[in-house]
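Just so it is clear, none of the values below were taken in a lab; they were calculated from the coordinates. Computed from a prediction, not measured in an experiment: that's the story for all the values here. Note that each Cβ is placed from the backbone with ideal geometry, even for glycine, and that neighbours are counted across all protein chains shown.
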Amino acid sequence: MMRSESALKETKVQLRMRPLQKDVIARAAELKQTTLTNFMVEQAFHSAQQILADQTHFYLSPERWAEFCAALDAPPKKKPKLKKLLAEPSVFDEPE
């Protein structure tokens, strides 16, 4: 049995925007020969996928990848001033 398209739409989102924003988006939707709703959903979905992918995936040339791996594999640099700073009590530490 095939589910109807309306049965697949289970969530509603309402937006407020300036008239100019709506006009520009509506013109773009018309150029793409789709409805305003479909255009907005598809564009928001695509943008969200890109943002999420940028948080988990990145691409480097083979040379940059080798540099990246070398930096990860390198031993940590000694930072005596940082070590001293982290060993001192901070203003956020509770007095004993």
Legend entry - Choice from Val13, Val41, Val24 showing the highest fluctuation, given a GNM over the chain with Cα pairs closer than 10 Å: Val13
Inset, instruction - Choose one answer from Phe39, Phe58, Phe68: the residue with the largest mean-square fluctuation in a GNM of the chain with alpha-carbon springs under 10 Å. - result: Phe68
Legend entry - Per-residue [θ]222 nm for the chain (sum of -39500 (n - 2.57) over DSSP H runs n ≥ 4, rounded to 500): -18500 deg cm²/dmol
Legend entry - Using a Förster distance of 41 Å, the FRET efficiency for Ala44-Arg64 (Cβ separation, nearest 0.05): 0.85
Inset, instruction - Would you indicate which of (i) 22.8, 77; (ii) 29.1, 88; (iii) 25.7, 70 is the value of Rg and Dmax of the Cα atoms in Å derived from the coordinates of this structure? - result: (iii)
Inset, instruction - Compute the distance in nm between two label points, each set 7 Å from the Cα along the Cα-to-Cβ direction, one at Leu82 and one at Arg18. - result: 4.3 nm
